[in-house]
């Protein structure tokens, strides 16, 4: 994957919060299986909105849809908390009970791989 190095952060979104009880719905998938990037970074990567991108960290790799968000500074990507972001973070909680979802070194690049639905994603990481 030819890509670029970025800083990954994660957090909750309003739409995601409204769908916490319906995590198997298309609305939840569309809100959470995404990566928000600055338009300049999208141009550098040669991706358009809804193109698939692969994000890789020291903890794992996942494919999500690119989503333009010029509110993000260049070099910063945002993936909402959820199954896809969980693949990319350490399980170590430093005794806090919650992993670190901010400031994770990552690489991102365009991919022809598909975004896995949540059940398939979970099966992949439970083996």
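Cβ-Cβ distances below 7 Å connect the following pairs, each with a first residue in region 31-46 that is touching a residue at least 40 places away in the same chain (Cβ under 8 Å) and at negative phi, a second residue that is buried (at least 21 other Cβ atoms within 10 Å of the Cβ) and in a helix (DSSP H, G or I), and a separation of six or more residues or different chains: 32/84; 33/84.
Here residue 125 meets the list (1) over 19 Å from residue 31 (Cβ atoms); (2) modelled with pLDDT of 80 or more almost entirely, failing just condition (2).
The residues on offer are 63, 47, and the sole one that is part of a loop (DSSP other than H, G, I, E, B), buried (at least 19 other Cβ atoms within 10 Å of the Cβ) and touching a strand residue (DSSP E or B) at 6+ places or on another chain (Cβ under 8 Å) is 47.
Taken over region 67-83, the criterion of being over 22 Å from residue 125 (Cβ atoms) and not in a loop (DSSP other than H, G, I, E, B) is satisfied by 67, 68, 76.
The values are calculated or read from the model by the stated rules, or taken from the named source; none is laboratory data. The structure displayed is predicted, hence computed values, not measured ones. Positions of Cβ are backbone-derived with ideal geometry, glycine not excepted, and every protein chain shown enters the neighbour counts.
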